Amino acid sequence: MSDLADWIGGIPLLTRYWFFLTVGFTVVGKIGLVSPYYLVLLSDPFFKQFQIWRPISAMLFYPVNPMTGFHYLVNLYFLYQYSSRLETGLFDGRPADYLFLLLFNWICIAVLMVAGVMSVIYIWAQANKDVTVSFLFGTQFKAFYLPWVILLFNLIVSGAFIEELIGNLVGHLFFFLMYKYPLDLGGRSFLSTPQILYRWLPNRRGGVSGFGVPPASWRRPAEDQPGGGRHNWGRGFRLGEQ
């Protein structure tokens, strides 16, 4: 039990909640404690019967069956791995900013658990595009290609790729508006973490850096945002500059 508790405690805060809520909602629906009907997003119950929990449960519930069980486990592993890396890498010490990313994903793709995971993978891959990653059978390539390799892998495993493609597109949208357009193209920042999130999750110093840490010019130190607010990303570093 001590090893299990240590493992759970070692998972970054928001990844921990996302991971175990995903497991919990899926198990509850699978064993029949709650009918899966009440966990997916349907327009009539949501708008006419005010079942307002559906957008949240739909993002956390995965309809597991003998045909989709392996696909679910693979994506659960991806969630654990790459959400942890992103939370302790690009967003290290900035839990409010990472929560804002997850909320952005939820608003864009509230009905798709897999798409939410893929958007996180896409952003991590863009932030660490020159890092070498390993995949099946020892295959190695640059992290930049990882979202598209996973899309191809899921196409082979499950015969579908739409959710993965949507996740990549949403991840690209967030990455472009938050990082690439302001830094690379000299434009304004269209996305900014709301002040209320900083009050709930204040920035902290320190932390443990995750696998594949982006250039320091990308990461606004937590101590520079004592009260939160809009990002001041500094002068226009090119993406990937050290």
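The values are calculated or read from the model by the stated rules, or taken from the named source; none is laboratory data. From a predicted model like this one, the values you see are computed outputs, not experimental measurements. Glycine gets a Cβ as well: all are built from the backbone with ideal geometry, and neighbour counts include every protein chain shown. Protein only, heavy atoms only, side chains kept; ligands, DNA and RNA dropped before computing areas. Shrake-Rupley method; radii C 1.70, N 1.55, O 1.52, S 1.80 Å.
With a 1.4 Å probe and every protein chain kept in, tell me what percent of the accessible surface of the stretch 1-68 is carbon plus sulfur. With neighbouring chains kept in place, the figure for the stretch 1-68 is 72 percent. Give the relative contact order (percent, whole number) for the stretch 27-105; include only Cα pairs under 8 Å separated by 6+ residues. About 19 percent, as a whole number. Relative contact order of the stretch 53-153, taken over Cα pairs closer than 8 Å and 6 or more residues apart, is 27 percent. Maximal additional length on extending the Asp184-Gln51 stretch stands at 43.6 nm, based on 0.36 nm per residue less the C-alpha distance. Note that the stretch 121-129 has calculated 3J(HN,Hα) couplings of 4, 4, 5, 4, 5, 5, 6, 10, 5 Hz, one per residue in order, obtained from phi through the Karplus relation 6.51 cos²θ - 1.76 cosθ + 1.60 (θ = phi - 60°); glycine and proline are x. Once the 1.4 Å probe is applied to the protein heavy atoms, the stretch 50-178 comes out at 41 Å² accessible per residue. Electrostatic tally near Met118: other residues with Cβ closer than 15 Å to its Cβ, Lys and Arg +1, Asp and Glu -1, net -1. Ranked by the mean number of other Cβ atoms within 10 Å per residue, highest first, peptides 103-109, 4-10, 181-187 order as 103-109, 181-187, 4-10.
Of all lysines in the structure, those lying under 16 Å Cα to Cα from Lys180, and not within fewer than 8 positions of it along the same chain, are Lys129. With the Cα gyration tensor of the stretch 135-180 giving a ≥ b ≥ c as the square roots of its eigenvalues, does the rule (a/c under 1.5 for rounded; else a/b larger than b/c for prolate; else oblate) give rounded, prolate or oblate? Because a/c hits 1.5 or more and a/b fails to exceed b/c, the stretch 135-180 counts as oblate. Protection proxy ranking, highest mean first, for peptides 171-178, 95-102, 32-39: 95-102, 171-178, 32-39, where packing is the per-residue count of other beta-carbon atoms within 10 Å, averaged.
On the protein heavy atoms, probe 1.4 angstrom, tell me the percent of accessible surface of the stretch 108-189 carried by carbon and sulfur. Of the solvent-accessible surface of the stretch 108-189, carbon and sulfur hold 67 percent.
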